[in-house]
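**Student:** The structure under discussion is supplied below as structure tokens; questions concerning it will follow.
The values are calculated or read from the model by the stated rules, or taken from the named source; none is laboratory data. Source: prediction; values computed, not measured. Note: ideal-geometry Cβ built from the backbone for every residue, glycine included; neighbour counts use all protein chains shown. These area figures cover heavy atoms from the full protein model, side chains too; ligands, DNA and RNA do not enter into them. Shrake-Rupley method; radii C 1.70, N 1.55, O 1.52, S 1.80 Å.
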Amino acid sequence: MARFEGLTVLVSGATGGFGSASARQFAAGGANLVLTDFDAGKLEDFAKDIDAETATLAGDIADENTSRDLVRLAVERFGGIDIALNNAGIAQDFVRLGETDMAEARRIIDIDVMGVVYAMRHQLPLMEHQFRASGRRGAIVNIASVAGIAGAPQLAVYSAAKHAVVGLTRSAAAEYARRGIRVNAVCPSFARTEMALAAFHGVQDQAAAEADMTRGVPMRRLAEVGEIVEVILFAADPNNSFMTGQALAADGGITAT
Ligand SMILES: NC(=O)c1ccc[n+]([C@@H]2O[C@H](COP(=O)([O-])OP(=O)(O)OC[C@H]3O[C@@H](n4cnc5c(N)ncnc54)[C@H](O)[C@@H]3O)[C@@H](O)[C@H]2O)c1
């Protein structure tokens, strides 16, 4: 049987780097997909291009109604949710805390922290209900960052937001461990998605900029998207049934030193 056969997987940030690549892998593993992102047109185009049963809902993850409506949609369309990948997020400009723009700081907290709070606030009761009713187990994978495990100079608010995601993950994991739900976080270092590559826009010497960005990475390189997706799939896999509350670093060795 395929790895995710017949399971329903909710993916936020579904048209972005990690989201779209993960959604394709879940689809290849036999899952039905509930997909969400900001841009309705992009979302529809992506859903049409993917070989799976899909339901889509465009919206802002910083609005609680989006998460409430996504859970309703999943129940109506597929009868529930087995796996939720809470992946939508934004980065911040590289700037010291003393120069941080407060509107940007609030937006990061709204999306990267409250987006995950709202998502789990609606996913957990559904998954708990499913478990009580039929023993159906749930898994939540939150995308944090290596900046959620250690400080990140010039990314202080982003780092604080991702630390919050790790805290939410660990707390929810403990709360729901006996309620059939595993909750884990994946913590990548800089990876080759639009989020990280945006830092190179307009830069002449891309190789030098990339070398500079990865100076602190023992492997001295960016992560490829597929390398992070492997960790996401591992955390989500129903056979990985005893692992919960973990912040899984996929960081080329950063946290090893
Ligand atoms: N790429 C990296 O280097 C890196 C490293 C560590 C962690 N992360 C995290 O990985 C996750 C995915 O990022 P990515 O690298 O794939 O970037 P990305 O920019 O390619 O994808 C992010 C997606 O989230 C969506 N999104 C952003 N804000 C939203 C909102 N308010 N409502 C709905 N959708 C929203 C975007 O539209 C986009 O499609 C993020 O949480 C990010 O913080 C990325």
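**Student:** Suppose the filter is within 12 Å of the ligand (Cβ to nearest atom), on the phi < 0 side of the Ramachandran plot and of a type outside the set (S, T, N, Q); does I90 pass it? Spell out the reasoning first.
**Tutor:** Numbers: within 12 Å of the ligand (Cβ to nearest atom): yes; on the phi < 0 side of the Ramachandran plot: yes; of a type outside the set (S, T, N, Q): yes.
Against the criterion (within 12 Å of the ligand (Cβ to nearest atom), on the phi < 0 side of the Ramachandran plot and of a type outside the set (S, T, N, Q)), I90 qualifies.
**Student:** If Q130 meets every condition in (1) within 23 Å of M1 (Cβ to Cβ); (2) open to solvent by 40 Å² or more (accessible area, probe 1.4 Å); (3) out of contact with any helix residue (DSSP H, G or I) (no Cβ under 9 Å at 6 or more places or on another chain); (4) of a type outside the set (S, T, Y) apart from one, which number is that one?
**Tutor:** (2) is the only condition that Q130 fails.
**Student:** Does the range 244-253 contain at least one residue that is at positive phi, open to solvent by less than 50 Å² (accessible area, probe 1.4 Å) and within 14 Å of the ligand (Cβ to nearest atom)?
**Tutor:** Taking the range 244-253 first, the residues at positive phi are 245, 252-253.
From what's left, open to solvent by less than 50 Å² (accessible area, probe 1.4 Å): 245, 252-253.
Next, only the ones that are within 14 Å of the ligand (Cβ to nearest atom) stay: 252.
Taking every residue of the range 244-253 in turn, at least one turns out to be at positive phi, open to solvent by less than 50 Å² (accessible area, probe 1.4 Å) and within 14 Å of the ligand (Cβ to nearest atom).
**Student:** Quick one: which helices (runs of 4 or more DSSP H) lie wholly within the range 91-201 and hold at least 2 residues that are without any contact (Cβ under 8 Å) to a residue 40 or more places away in the chain? Steps first, please.
**Tutor:** On the way: elements: 102-108, 115-134, 156-176, 194-197.
By residue number, 102-108, 115-134, 156-176.
**Student:** Follow-up. Right, E53: within 21 Å of F18 (Cα to Cα), more than 16 Å from the chain's Cα centre (by Cα) and free of Cβ contacts under 8 Å to residues at least 40 places away in the same chain or not?
**Tutor:** yes
**Student:** Being surrounded by 17 or more Cβ atoms within 10 Å (Cβ to Cβ) and out of contact with any helix residue (DSSP H, G or I) (no Cβ under 8 Å at 6 or more places or on another chain) narrows it down to one residue among V225, V231; which is it?
**Tutor:** Working: V225 fails: out of contact with any helix residue (DSSP H, G or I) (no Cβ under 8 Å at 6 or more places or on another chain).
One residue alone meets the criteria, V231.
Yes/no per residue for (1) within 15 Å of the chain's Cα centre (by Cα); (2) away from the ligand (no atom under 16 Å from the Cβ):
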{"position": "A185", "(1), (2)": "yes, no"}
{"position": "L197", "(1), (2)": "no, no"}
{"position": "H201", "(1), (2)": "no, no"}
{"position": "Q204", "(1), (2)": "no, yes"}
{"position": "M213", "(1), (2)": "no, no"}
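**Student:** Determine whether S145 is open to solvent by less than 50 Å² (accessible area, probe 1.4 Å), more than 29 Å from L33 (Cβ to Cβ) and either of a type in the set (G, A, S) or near the ligand (Cβ under 10 Å from one of its atoms) (or both). Let's see the steps before the verdict.
**Tutor:** Working: open to solvent by less than 50 Å² (accessible area, probe 1.4 Å): yes; more than 29 Å from L33 (Cβ to Cβ): no; either of a type in the set (G, A, S) or near the ligand (Cβ under 10 Å from one of its atoms) (or both): yes.
For S145, the condition - open to solvent by less than 50 Å² (accessible area, probe 1.4 Å), more than 29 Å from L33 (Cβ to Cβ) and either of a type in the set (G, A, S) or near the ligand (Cβ under 10 Å from one of its atoms) (or both) - is not met.
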